[in-house]
1. Would you confirm whether any residue within region B:44-59 is modelled with pLDDT under 95 and not hydrophobic (A, V, I, L, M, F, W, C)?
2. Scanning for something farther than 23 Å from A:Gln599 by Cβ and surrounded by 24 or more Cβ atoms within 10 Å (Cβ to Cβ), does region B:318-328 turn up at least one residue?
3. Considering each of C:Leu43, C:Leu9, C:Leu36 in turn, give the residue that is of a type outside the set (Ser, Thr, Tyr), touching a Ser or Thr at 6+ places or on another chain (Cβ under 8 Å), facing chain D (nearest Cβ under 7 Å) and part of a helix (DSSP H, G or I).
4. Give me the residue from region B:102-124 that is in contact with a Leu (Cβ under 8 Å, 6 or more places away or on another chain) and not in a loop (DSSP other than H, G, I, E, B) and, out of that set, nearest to B:His187 (Cα to Cα).
5. All but one of (1) surrounded by fewer than 22 Cβ atoms within 10 Å (Cβ to Cβ); (2) within 14 Å of chain D (Cβ to nearest Cβ); (3) in a helix (DSSP H, G or I) hold for B:Glu74, so report the exception by its number.
6. Filter region C:66-98 down to the residues that are free of Cβ contacts under 8 Å to residues at least 40 places away in the same chain, crowded, with 20+ Cβ neighbours inside 10 Å and either in a strand (DSSP E or B) or facing chain A (nearest Cβ under 10 Å) (or both) and list them by number.
7. Please find, within region D:138-166, the residue that is farthest from the other protein chains (Cβ to nearest Cβ) out of those that are in contact with a helix residue (DSSP H, G or I) (Cβ under 9 Å, 6 or more places away or on another chain) and more than 30 Å from B:Glu166 (Cβ to Cβ).
8. At the interface with chain A (Cβ under 9 Å from one of its Cβ atoms) and either surrounded by 17 or more Cβ atoms within 10 Å (Cβ to Cβ) or within 19 Å of B:Val375 (Cα to Cα) (or both) - does that describe any residue in region B:495-506?
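The values are calculated or read from the model by the stated rules, or taken from the named source; none is laboratory data. Remember, it's a predicted structure, so these values are computed and weren't measured experimentally. All Cβ positions, glycine included, derive from the backbone under ideal geometry; neighbour counts span all protein chains shown.
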Amino acid sequence: MLDLIWLVIAVPLVSSGILLLAGRRANAWGHWLGVAASASTFVVGFGAFLQMLGMAGEERSHAVHLYSWIPGGDLQLDAGLLVDPLSLTFVLLVSFVGTLIHVYSVAYMEHDPNRRIFFSYLNLFVAAMLLLVLADSYLLLFVGWEGVGLASYLLIGFWNHKPAYATAAKKAFVVNRIGDIGLILAMGLMLASFGGVDFATVADGVSGASTATLTATGLALLLAACGKSAQFPLQSWLGDAMAGPTPVSALIHAATMVTAGVYLIVRSAPVFEGAPDAQLVVAAVGALTLIMGALIGMAKDDIKKALAASTMSQIGYMMLAAGLGPIGYAFAIFHLVTHGFFKAGMFLGAGSVMHGMNDQVDMRRFGALRAAMVTTWVTFGLGWLAILGVPPFSGFWSKDKIIEAAFVGEGVQPWILGGAALVGAGLTAFYMSRLFFMTFHGKARWTDDQHPHESPALMTVPMIILAVGSAFLGLFLAVGDRFAHWLEPVTGHAEHHDPVMPIWLIMTLTLALVALGVWEAWRRYGAADVPTEAPDVSLATVAARNDFFQDSVNRGVFERPGTHLTRTLVYADAAVIDRAVNGGAQGWPKTGEAVRRAQSGQVRSYAATMVVGLVIVVLIVVLGGL
Amino acid sequence: MTFTTPAIEWAPTAPFIVVLGAAALAILVEAIVRTPATRRLVQLILSLVALLAALGLVIVQWAMLKGAGTVVLEGMLTVDRQSLAWQAVLLVSGLLGTLLFAARTRAGEEAFASLGAASPGSTEETLARRKGLQVTEVFPLALFAVGGMMLFTSVTDLIFLFVALEVFSLPLYILVALARRRRLLSHEGALKYFLLGAFSSAVFLFGAALLYGATGTTAFAGVGTGIVGASGLDPIILTGAVFVVVGLLFKLGAVPFHSWTPDAYQGAPTPVTAFMGAATKAAAAAALIRVLYVALHPLAWELSWLIWVTAIASMLLGTVVALVQTEIKRMLAYSSIAHAGFILVALAGLPDQAVWALPFYLFVYGLATLGAFAVITQVRERGEDGTVLGEATRLGQWAGLGRRSPWLAGAMALFLLSFAGIPLTAGFVGKFVAFGAAISEGGWPLVLIAVIASAAAAFFYVRLVVLMFLTDVPEDQEDAIAIDYSPLARVVVIVTAVAIVLLGVVPGPVLAAFENAGVLLIGAAG
Amino acid sequence: MDPINFVILACVLFAIGAAAVLVRRNAIIAFMGVELMLNAANLALVAFSRIHGQVDGQVMAFFVMVVAAAEVVVGLAIIIAVFRARQTISLDEPAELKG
Amino acid sequence: MVDTVIFWVIAAITVIPAFSLIFARKAVYVAMSIVLVMVGLAAAYITLDAPFLGVVQIVVYTGAVMMLFLFVLMLVGVDRREDMKETLTGQRWIALFGAGGLGAFLIAMVARVSLPVAEEPLVGEPDVIAGVLFERYVLVMEVLGFLLITAAVGALVLTHVPRLKPRKTQLEVQRDRVRVGADPVNKVFPGVYARHNALDVPALDPQGEPIEQSVSRVLKVRNQTQEGAHFRARLDDPSRAGGSDAEHSGRGLSDPERLDPDRLDPDRPDPEGSDREEGR
């Protein structure tokens, strides 16, 4: 089964091609072909998983040589796949969640005339994502990386008849290019210093490379990861990407593609081991993003955008863990897996809510949906408990470990990183509860034409399966450190370090903050009336300031600066990033324009350029040579 | 004076004879066949047959070649695997280019003026158009150009190189001036191209004269040994070498000898731009390899300065200026300047690998160029009354092309990604082997700049992709663009697109063939 | 008198020809400048030929003359075509291709 | 060894006229100066033991190439004086430093080397040249043939306008004239009916009035015409009897109304004009 692993890429790719080429003929059966292709990848992946379980720990790295991609020359390149616990984890996650979302989409996209194309793109995405995680070199990874990018742009812009959606796709496209430059740069550096870009060569070459090179490579990789995983400062595209159909958000912007950055960092562990500075930057970026994402999450009324902000924040946790080195790698991936389940589940839940509410996304227009959509409420609720980190649900097992690990270290670093992780947990509790209560509890604030109803079984079944995963997967994998042991061949065995605070204290503090967040959210959004229009909380008005003074500590401490910060961020987003993105970087065009003027159209000027150029080069060569 | 009849090995020269002979024959056809429509058909068939026959001969020679190759006439001409590889590359460009030359719009309009001598807007022009005249001389001219370029890649004598340079340049100057639409621009491009081209060939010739003065011979091998043997002649050797290289850099379009590129690319009829962009660069690179590796090899260290400076300048200028272009042909012209820089990167330090990496690089670059310009010929403006006009070359007009014609836009995107060097396209493999060559000789700082430049260059390629797929057709512009369908141009697009994908995914066999070409036969010192 | 002096003379003529291309707006005069550059190269070839005591350089110069003649034909044809369309042979005027 | 005096003479008759390329206002002067340069170069070739090439230089350059240049100069208008004012900023300086620097650099480089000069050189007599030409360089020779074909085809493509429609017979021309209501007869020739029949003298109508249109416009622009009135005065002189004969015979042929100067020229159809009509 391990040698057949290439099938998991080939099957969805072929299926995607068939769907794209078949035309309207495929309208009747196209979606089921897509589902079958996706399901088959899970079957193959699971077979490989069983086979690998039967192997000893050190044998669990299986290279599948496909063919010599670029033979000849001093730099040779093979197309090969690497099956090891890390990649297999991703294969299972992607194929499993992916298949569920395929099933969900069959119902969700039922009324779309281009459903087969949607499934073609979904299959393409699955193939590219699996190539990304199975590649045995950065180059092939890059191919998958671009592939998921492409599929994601196609899917975000799937309803591109609406200009805003096309703009969102464009933004995602361009911001991701910035990240891609990071990956290209990193590969260039690797080629120059290690003479190869496959993981094995890089790992072997690290010991001989200078710290400066490694740091540069690490930072370039981080830039790539930031672009793909929507980390600071390249986070802006994720919120807009919610314009795509909801299953897309669940698959790409929650469970799989956005976590590719974390995968990249963990996969590049050898590089980061040699570059502690770069590693620290990774952790810092993670910490910053997790706080920032949480603050943004508090300010959003659009349910999908709030979830997107939450994703950003949760990936911040993973990044933070990945930046901690070997003690964090396993937890980063662990959280990635559990997050994949509960966040995908919640996105599907949001989709179900939208499905029942005429595509309404404003949470201020929800409320009291509990009764109307019981299954959605229960499944969403399990995801909510999981992300909060309430024991014994999944999130508890993964997130708590990250918080603990963040407190390990010397000097102020653990206090800052740990503090950020801890505060983030409280913020998460607040905004996720806000979202949950605003949607399912309180009074109904529906508009007249909305008649909420539960979604069909094709949609609820995947939600239920994901909810079960959200609830128990963490516990299952955490018992006896099963997951950490499974990943050990890749991430290495981590020495146990004691945090700067006792573990029980960290846990208590976390749970207390979570409880505080939930309570506050309930008080304000569950028990109290929620205005259907967003209240004006601008600092500019005295009234608003008074409001803040009356309010609780939570609001006084977090929301006011939070609002402020959020607005600043939103502004920075709109003003800086957008301008940079839309106009291209500002400096280059100016230089370009200046040089362009030299091309005046006057042939005599051209001749002059040539003569002067000739004199210069001849002087350089002759004076250098004599 | 006794005269001994020279013993010439005719067999290795067969491809040249076929191509140039067919060109001469085609000139006769001009005189014999009077009806323009028949003549066009005859010319097209003659060209294609000649090019295919030459390609066949090249392949046969490749298969039958024993040893390193043949030196014809004491080092005037060297036919080795390297030369055969280049000839094949040029013949493929020539074939695809000829198809584009013959492509016509739905309304039966070709890319060339109906009467080259008629000034734009004149009565003669209208009359000629109405009478269905065609400048069918473009086919023999293209054949002359292909033949000259093939010679250019194989000659190993500076003076013969000069003659070959002119043999392929003169037809190009003429072809550039023959656009059907925007004749004034076409004339302007031709005038600039011609004047600067003549200027640069004078520079080349003066350099050749200096090298002849220093070494007493113009055969590459002899010049090489002469340089080693000469003492106290460094000043004129170096000057001559730089002048010769500069003459070739002009044809390659490297900064600061690039100024003709954007204007000639934009002014020329698009099929000519396609052919010229693909083939001229290949021919120039081929000659550059032979000159640098055989004749000027002893000056490798001194000339490395020149290569580094021009490579960096070309990459930076090409990329930066392409970023601000609003005209698609100009954008591709600047991109070609950046590519000239990439080609020079591979030559840094004269690594062995470059000798086979560059033919491959230029092969795939040529394919993408031909494909991209073939797409451009099919995106047309539409007049208010619905008639299809000239090519829509403003970038803004390409907005939303993905919705008008997904396959065409997809092919264009593929070519652009290949230019940008995105993996799984042939362009990536080309860049990989080319930069790999440079790294093997310690040129990694240059490669690093090249990688950064490629990444930055990806911006303007991607900008067009974004424009095609993610931007809406502007309001009230729905009818402003027509996608014209020309079977021949479509064939070019399909062939090149398939080749780009295949060479990107499984380049192995082709690369292996090119690797065999990585040997230069150094002829006897004449 | 050393024939190398003729090479120096060739250098002077080459530079004058180059200068003519840069300063003259009349396309024909600029083109004559190019011709002068080619002739300068020829002079150098013949002078070197004399220095080496061979006739190869003379044969090369002969080739260059043929090439130059062909080039002149094409060049003047282009100039005439431009003149017919624009009624001018100024090099400054056709300057729409730029940027 | 070359005589120093000859060298300096050659240097003078090549370099000094060559500067006309940069400084002369009229293109024809430049062309003629270059002819001189070419002759100088031919002299240099002969001095350098290349007699055949010297002759070829004269034949090819002064005889063919420069005449072609002159021909094209005539075609585009000999009179054009070039405005020497530089329009591109800094171009003069760039030219001075670029081209001047290039020349200075080349001279400095060449002057630094010394090459041993062959004592008994092979003299470039035609048979010697031919021997080398058809031995080692025979392929180049053959390829040059293709170059010449290209040049010829190129010149034809860019400049030759074939007859696009059948030539009109005299009958058709006349019919066309009548159809558009123009004068069916030819324009009067200058100098007719006067005692002068030179081109610069206008014809006189039967009344003896000069017909302005009968003299070429070009001559008028150049102020090279003569006044018809002057001759008229002579015609009215009764003492000259011969004039009345001419006057009498002229009356029958030309109708004053038809020769009305305002009507004559603009309405006259010519092949060019009708082409243009059709072309639209």
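1. No.
2. The initial filter retains those residues of region B:318-328 that are farther than 23 Å from A:Gln599 by Cβ, namely none.
No; the residues of region B:318-328 include none that is farther than 23 Å from A:Gln599 by Cβ and surrounded by 24 or more Cβ atoms within 10 Å (Cβ to Cβ).
3. Details: C:Leu43 fails: touching a Ser or Thr at 6+ places or on another chain (Cβ under 8 Å); C:Leu36 fails: touching a Ser or Thr at 6+ places or on another chain (Cβ under 8 Å).
Exactly one of C:Leu43, C:Leu9, C:Leu36 is of a type outside the set (Ser, Thr, Tyr), touching a Ser or Thr at 6+ places or on another chain (Cβ under 8 Å), facing chain D (nearest Cβ under 7 Å) and part of a helix (DSSP H, G or I), namely C:Leu9.
4. This residue is B:Phe112.
5. B:Glu74 satisfies every listed condition except (3).
6. C:Pro94, C:Leu97 - these are the residues of region C:66-98 that are free of Cβ contacts under 8 Å to residues at least 40 places away in the same chain, crowded, with 20+ Cβ neighbours inside 10 Å and either in a strand (DSSP E or B) or facing chain A (nearest Cβ under 10 Å) (or both).
7. The extreme case among them is D:Lys165.
8. Of the residues in region B:495-506, the ones at the interface with chain A (Cβ under 9 Å from one of its Cβ atoms) are B:505-506.
Among the residues that remain, those that are also either surrounded by 17 or more Cβ atoms within 10 Å (Cβ to Cβ) or within 19 Å of B:Val375 (Cα to Cα) (or both) are: B:505.
Yes, because at least one residue in region B:495-506 is at the interface with chain A (Cβ under 9 Å from one of its Cβ atoms) and either surrounded by 17 or more Cβ atoms within 10 Å (Cβ to Cβ) or within 19 Å of B:Val375 (Cα to Cα) (or both).
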